Amino acid sequence: MKIKDYSIKSLPYIFLIIISSPIFIGYLWVFLRTFTRSMYGMRPTGGFTLNNWALILKDPILWNLVGNTFILALGLTIGILLISSAAAYPLSRMAFRGRKIYLSLSLILHAFPSVTLLIAIFFVLRWISAIPIFGRGLPLIGGFGYNTLGGVLLVSIAFMLPLGIWLMKGFFDNISWDIERAALIDGCSRFRTWRQILLPQIRPGLAALGIFAFMHGWSSFIIPYTFMVDARTAVMSTYLNLLTSGDRPIDYGVASAVALFQLLPILFFYLFTQKYLLKIFSGGMKGGS
Amino acid sequence: MKMELVNLNKSFQDVSAVKNLNLKVNDGELVAFLGPSGCGKTTTLLTIAGIYKPTSGDIFFDGERVNSLQPKERDIGMVFQSYALYPHMNAYQNIVFSLVLKKRPKEEMQREAKRVSDMLGIGHLLDRKASQLSGGQQQRVALARALIKQPKLLLFDEPLSNLDARLRMSMREEIRRLQTNLGITSVYVTHDQVEAMTMADRVAVMHNGDLLAYVTPEELHERPRTLFIGQFIGSPSMNILDAQLKSIDGSLHIKLTDGTTLPIPGERTPKSCKDGDMVKFGIRPEDVKLDSNGSVRGKVTFIESLGREHLIVSNIGEQRMQLLTEPGNKISLDSNINISVDMRKAQFFDAETGLTLLWE
Ligand SMILES: Nc1ncnc2c1ncn2[C@@H]1O[C@H](COP(=O)(O)OP(=O)(O)O)[C@@H](O)[C@H]1O
Ligand SMILES: [Mg+2]
């Protein structure tokens, strides 16, 4: 009786484990491959080695790419947090002409496949490039034009904003009006109320969106791939693409090491922050337009 | 401070929440805005506070027009039904927040916080977060936060509605005591008529955005100007029966639908009425008694214990009459009873307009 009970309960788990195993096996393969000379299926051949790791960790390009990827992820996080939280407040709290239209348009924009806009954005970035200094003369990010990290950052932020604004608006919608009124009567300006009374209350939402943006920026591929021509000076995902798609024979050991190297921070980050990420769905989605 | 509203209107899109409100509040007075939910009380209060801009009309503080002043420039304190404490601050930080914004020195903040928290008996709670306080304690902190500014006008929006009945009673007294001692002009919004009647110097009754009456609680109870007020004020509420005026042997009587007639005392003669007119006859449950010699005959349809008293609902003909009795009476459901009515307390309202036929 008991044993039967147990086996019936475990059936769904067994089923789930089976259908997700290809993914696990894939990651396991990548992991093993970084420490071996060659593999036949899942079986390491030719013995274990740390050469793959040594090769990429000594490669100055990699550290350059890590830096770029980090700047992109961090820039996306900061940009999204600042703009979304500032834009969502009036959308949640103020009555102005065009508010409803703006909200529905940004929702449509979010649903829009970004690939369809790539060519148009290419032209926009080219125009931005023509602007002196701002276009391609800034330190660290290179500028905001075509073939610069800043340009990629700009486009990434733009694509993620609809989601960010809607999430933040959901959090603002959940804060009682009375608290804001109390602050206004106590002597706050509208800006100060936003800054000192409302933002602290949506801190979990900000944390969640920030983490989300960071991970998105860290692993983004299509935008950097399209708008940064030289994959060697771009980000890790494009470098990975270069390693696996060139006309030279592919060194799977090195490629796997780079892939794992890109994956690890995300994995750790996720482990420590999933509590906040869940809040996006439990807290932020409440509240309508 | 004196406060005056002149032809105040506030509409939201097509909803007219406050209609042409005219009202003066004297210095040190506590005025209650009383009315059912949705009648525009909160809207009026928030317009006074400067959170809403009036659609038209003016607001005067001590004779000065304040329409264009920001909330923070109006020198007011406000207490909300939801307490509205800042959740990320502790009680002390909540209370002194307005002083922090004014960049007052720390010693002054501590001194003032002690002053108001002593007044409200919350000195021991100052380092707790809002979520660690009970409803009653949160409301005290909110009150302290409003008082620390030494406002010229205090606004209350149903501050006691979320508290349990016993706490509500003691807070009622306490707020009134503080308000009188400090002499702060106050506007107190409530839908609870007991609160309005026990606390206020004057009561403004609102209904659908209109001001129906603005008088003292006693006046409101004894001389209701409309049928709505008559029924809204007092608990259990006033009995209203259809009746016809009838002259018998030269003196005016009312005739109820079951044919019973009752004499109307001279001082309660309905104005501008004639023999045969239909009126609404109002009488409070406490002015109706069980009396074996009573001339009104009814049948008991419902008995409810109110603790100290019993509420009996009886039918007189087709109409309902509620009365209060001592619990000792052995009255059973469906029994026939005789009732005497204290006609010196009778109210009469126009059957069509619902306006009083007795008072100016
Ligand atoms: N911000 C608002 N937008 C639109 N309608 C409102 C708003 N605030 C109040 N109302 C409407 O105005 C009327 C009065 O509301 P309110 O002043 O809150 O009533 P009360 O406080 O007496 O319950 C209601 O019909 C309400 O729906
Ligand atoms: Mg209200």
- Query: What ratio of Cα Rg to 2.2 N^0.38 Å holds for the stretch B:3-225?
  - Reply: 1.01
- Message: Quick check of the Kirkwood formula: for the stretch B:239-350, what is the inverse mean of 1/r over all pairs of different Cα atoms, in Å?
- Response: 14.5
- Query: Ordering B:LEU245, A:LEU82 from largest to smallest accessible area (1.4 angstrom probe), what's the sequence?
  - Reply: A:LEU82, B:LEU245
- Taking the alpha-carbon set of the stretch B:153-247, what are its Rg and Dmax in Å? 15.5, 56
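Just to check, using Stokes-Einstein with a Kirkwood Rh over alpha carbon pairs, what's the diffusion coefficient of the stretch B:17-128 at 37 °C and 0.692 mPa s in µm²/s? If you can, show how the numbers build up before the last one.
Details: Rh = 16.6 Å.
So the translational diffusion coefficient is about 198 µm²/s.
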- Please tell me the relative contact order of chain B in percent, rounded to the nearest whole number, where contacts are Cα pairs under 8 Å and at least six residues apart. 16
- Percent breakdown of C-alpha pair distances by 10 Å bin, ordered from the shortest bin, for chain A: 6, 21, 26, 24, 15, 7, 2, 0
- Item | Residues of type aspartates and glutamates that B:LYS345 reaches as a straight line, Cα spacing below 13 Å, ignoring anything fewer than 8 places off in the same chain | B:GLU222, B:GLU267, B:GLU286, B:ASP287
- At the level of C-alpha centres, the distance separating the stretch B:20-58 and the stretch A:1-67, in angstrom, is 69
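Nearest 100 Å² is fine: what is the total accessible surface buried where chains B and A meet, probe 1.4 Å?
By this definition, chains B and A bury close to 1700 Å².
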- What pairs in B:LYS24/B:LYS53; B:LYS2/B:LYS53; B:LYS72/B:LYS129; B:LYS19/B:LYS102; B:LYS103/B:LYS152 have C-alpha atoms more than 27 Å from each other? B:LYS19/B:LYS102
- Message: Just to be sure I understand: with springs between alpha-carbon atoms less than 10 Å apart, which residue in A:LEU138, A:LEU161, A:LEU206 has the highest mean-square fluctuation in the Gaussian network model of chain A?
- Response: A:LEU138
- Note on the structure: Highest GNM mean-square fluctuation among A:LEU184, A:LEU153, A:LEU209, for chain A with Cα springs under 10 Å, belongs to A:LEU184
- Message: Probe radius 1.4 Å, ligands and nucleic acids ignored: give me the carbon and sulfur share of the accessible area of the protein assembly as shown as a rounded percent.
- Response: 59
- If you build a Gaussian network model of chain A, linking Cα atoms that sit under 10 Å apart, which residue out of A:ASN68, A:ASN147, A:ASN51 swings the most? A:ASN51
- Task: Would you rank B:CYS39, B:CYS273 by solvent-accessible area, highest first, keeping every protein chain in place and using a 1.4 Å probe?
- Result: B:CYS273, B:CYS39
- Per residue solvent-accessible surface (Å²) - chain A, probe of 1.4 Å: 56
- Note on the structure: In whole µm²/s, the translational diffusion coefficient that Stokes-Einstein assigns to the protein assembly as shown, given a Kirkwood hydrodynamic radius over C-alpha pairs, 37 °C and 0.692 mPa s, equals 104
- Message: Could you tell me the center-to-center distance, by alpha carbons, between the stretch B:150-193 and the stretch A:87-131 in angstrom?
- Response: 49
- Expressed per residue, the solvent accessible area of the stretch B:3-225 in Å² (1.4 Å probe) is about 42
- Query: At what distance in angstrom do the alpha carbon centres of the stretch A:184-201 and the stretch B:293-360 lie from each other?
  - Reply: 55
- Nearest 20 debye, what's the magnitude of the dipole of the protein assembly as shown about its Cα centre given +1 on Lys and Arg Cβ and -1 on Asp and Glu Cβ? 2640
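Using the crude model of +1 on Lys and Arg Cβ and -1 on Asp and Glu Cβ, and no other charge, please compute the dipole size for the stretch A:150-225 relative to its Cα centre, in debye to 20.
Roughly 120 debye, rounded to the nearest 20.
The values are calculated or read from the model by the stated rules, or taken from the named source; none is laboratory data. Computed from a prediction, not measured in an experiment: that's the story for all the values here. All Cβ positions, glycine included, derive from the backbone under ideal geometry; neighbour counts span all protein chains shown. Quick note on the areas: whole protein, heavy atoms, side chains included, nothing else; ligands and nucleic acids left out. Shrake-Rupley method; radii C 1.70, N 1.55, O 1.52, S 1.80 Å.
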